[in-house]
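Bear in mind that the values in this text are calculations on the coordinates, not laboratory data. All values reported here derive from a predicted model rather than from experimental measurement. In this analysis, Cβ positions are derived from the backbone assuming ideal geometry, glycine residues included, and neighbour counts consider all displayed protein chains.
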């Protein structure tokens, strides 16, 4: 399959990433052209536009991590809002499309809203990014000051915390400080690879309940 990027048509092969020169107006035109289509994914950095068409494993990995977070939030009886797909734009500066967003501490900000003004309202508390094609750069999140970003790359999750104007790698989540979250995620991926994602989440819920009952 050949790539086609034109005012009339956008098609790129699955698993591919393309970078083209363009300004904010070009990015907005491509966004409008795609309308409600989820593929390809678009990203804007000053002077350049990136297009990415994910492979099936991309969506599967994003769903598994998101389902893991939801299972834990439900177990802890925490209220939250989650979104996918979602486009985060700061006009003339940057435009990104995280795989999954969670509002946890600030769930009221997003509750019931169809659109969010990223220039004035808080960013999501937690964002999931799956990087299989070297498309993601943690620096893309600096303008938004997202408190926590989970980047899945090379079969592992790296947790970044926003601290003092930059992102720092941590081995825990500020939203689940009492859980060995990286181990739980690794276990879920192991079960999903050997069985399926539904079994992985079911076993996670069982483990959380067992640990609660043993306390």
Quiz item: Of 60, 195, 174, which is the most mobile in a GNM of the chain whose springs link Cα atoms less than 10 angstrom apart?
Solution: 195
Exercise. List, largest first, the extents of the alpha carbons of the stretch 56-214 along their principal axes, each in whole Å.
Key: 49, 34, 31
Quiz item: In which sequence would 9, 139, 93 go, from the one with the fewest C-beta neighbours within 10 Å to the one with the most?
Solution: 9, 139, 93
Quiz prompt | Tilt relative to the chain, helix 24-34 - C-alpha long axis, 0 to 90 degrees, to 10 | solution = 70 degrees
Quiz item: Under a GNM of the chain (C-alpha, springs under 10 Å), which listed residue has the highest mean-square fluctuation: 126, 182, 42?
Solution: 182
Quiz item: If each of residue 90 and residue 190 carries a label point 7 Å out from its Cα toward its Cβ, how far apart are those two points in nm?
Solution: 4.0 nm
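So how do 58, 75 line up by other beta-carbon neighbours within 10 Å, fewest first? If you can, show how the numbers build up before the last one.
On the way: 58 21, 75 17.
The most exposed by this proxy come first: 75, 58.
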Quiz item: Which whole-number percentage describes the relative contact order of the chain, with Cα contacts under 8 Å and a sequence gap of 6 or more?
Solution: 14 percent
Quiz item: How far is helix 197-214 tilted, in degrees, relative to the longest principal axis of the Cα atoms in the chain, given as a value from 0 to 90 rounded to the nearest 10?
Solution: 40 degrees
Quiz item: Out of every Cα-Cα pair in the stretch 1-131, what percent are more than 20 Å apart?
Solution: 50 percent
Quiz item: Of 172, 102, 83, 189, how do they rank once you tally other Cβ atoms within 10 Å and put the fewest first?
Solution: 172, 83, 189, 102
Quiz prompt | Helix 181-194 axis, angle to the chain major axis (alpha carbon atoms, nearest 10°) | solution = 80 degrees
Practice problem: Please give, to one decimal in nm, the separation of the simple spin-label points placed at residue 179 and residue 209, each 7 Å out from Cα toward the Cβ. | Solution: 1.6 nm
